[in-house]
1. Quickly run through the stretch 38-96 and pick out the residues that are part of a loop (DSSP other than H, G, I, E, B), crowded, with 21+ Cβ neighbours inside 10 Å, in contact with a helix residue (DSSP H, G or I) (Cβ under 8 Å, 6 or more places away or on another chain) and not acidic (Asp, Glu).
2. For the stretch 97-136, what are the residues that are surrounded by 15 or more Cβ atoms within 10 Å (Cβ to Cβ), in contact with a Ser or Thr (Cβ under 6 Å, 6 or more places away or on another chain) and of a type outside the set (D, E, K, R)?
3. Just to be sure I understand, how many residues within the stretch 6-19 are surrounded by fewer than 22 Cβ atoms within 10 Å (Cβ to Cβ) and touching a strand residue (DSSP E or B) at 6+ places or on another chain (Cβ under 7 Å)?
4. Within the stretch 164-179, which residues are farther than 15 Å from residue 151 by Cβ and part of a strand (DSSP E or B)?
5. Checking residue 119 against (1) in a loop (DSSP other than H, G, I, E, B); (2) touching a residue at least 40 places away in the same chain (Cβ under 8 Å), only one condition comes out false. Which one?
6. Going by the structure shown, is residue 82 modelled with pLDDT under 95 and aliphatic (A, V, I, L, M)?
7. Suppose we filter the stretch 65-106 for residues that are on the phi > 0 side of the Ramachandran plot and touching a strand residue (DSSP E or B) at 6+ places or on another chain (Cβ under 7 Å); how many remain?
8. Do we find a residue being hydroxyl-bearing (Ser, Thr, Tyr), modelled with pLDDT of 95 or more, touching a Gly at 6+ places or on another chain (Cβ under 9 Å) and not in a loop (DSSP other than H, G, I, E, B) anywhere in the stretch 130-141?
Amino acid sequence: MLNFDPKTTALVLVDMQNDFLHPDGAYGRAGQKSAEIGTLAPRLKTLADSIRAAGGWIVSTHFTLVPGKNGEPFISPHLKELRPFLTKGDFAPGSFGHELIKELQPADLTVSKVAFSAFYQSRLEWVLNRAGLKTLIFGGIVTNGGVASTLRDAHVRDFHCIVLEDGCAAFSKETHEITIKSLATVSKVASCDDIRIALGSVKNKPISG
C-alpha cells in the first residue's frame, strides 16, 4: 500500500549523470554500458513530470571525483580497481559529465556525494529536512550501489522510502533483482506506473492505494 503526500515527497534521482549515461561521458567513452540502465531515462522523465505537476520535489544526487592538486581526482582504491579508465576531469564539479542528464533536468535540489551513500559527509539530510520532505522515492543507478546505500541511510533517518523496481538498474539484471528484493525489508517497492496512477487518483491529499 502506498501512502504519501505529494507536497512532502521527492523523487530522488541517484547519479543520473552525463559521465555515467551520455555517450561522451566517462563511462560512454570507455564502452561501459548496460541495456537496462539505458532504458531508465524515459520512464523516470515521465514520472518526474507527474511528480512536479503534483507539487512534489525532484532531488538529484551527483557522484563526484574531487579534484586535488593539478586537477588530479581523488579516487578511492576500490573504485580505481573497478574503473581504471577514470581520469582527470571525470565527474568533476561544474563539468558537463557531473551534470544531471538533460532529459531529467531541472532538479529542485542537487547534492554532490563522494561515496555510494548520498548521505555520507554531505548536506543531503539538512536540505531534505529544510524542505519538509518526508517520503523519498528512489530511482537511478546503480541499484546495488548508490541507490541501495542512500535508501538504507534514509531509512535509518526515518524517511518513508519507496524504491522503483523499474526506475533503477544495475550492470547485471540479476544483481538488480536481488537488491530490490533485499530493499523490500526497509522500503516499499513500486513501479513508476504505480506512483503515477496514485498521483492521478487524488488532488492535494495524501495518497493511499
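1. Those that are part of a loop (DSSP other than H, G, I, E, B), crowded, with 21+ Cβ neighbours inside 10 Å, in contact with a helix residue (DSSP H, G or I) (Cβ under 8 Å, 6 or more places away or on another chain) and not acidic (Asp, Glu): 56, 91.
2. Passing the criteria: 100, 107, 110, 111, 112, 114, 116, 117, 118, 133, 135.
3. The qualifying residues number 1.
4. 166
5. (2)
6. Here the answer is yes, as residue 82 does meet what is asked.
7. Looking only at the stretch 65-106, we keep the residues that are on the phi > 0 side of the Ramachandran plot, and these are 70-71, 89, 91, 94.
Retained after the next criterion (residues that are touching a strand residue (DSSP E or B) at 6+ places or on another chain (Cβ under 7 Å)): 91.
Result for the stretch 65-106: 1.
8. yes
The values are calculated or read from the model by the stated rules, or taken from the named source; none is laboratory data. Keep in mind that what you see is a predicted model, and the values were worked out from it rather than measured. Glycine also receives a Cβ, built like all others from the backbone with ideal geometry; neighbour counts cover every protein chain displayed.
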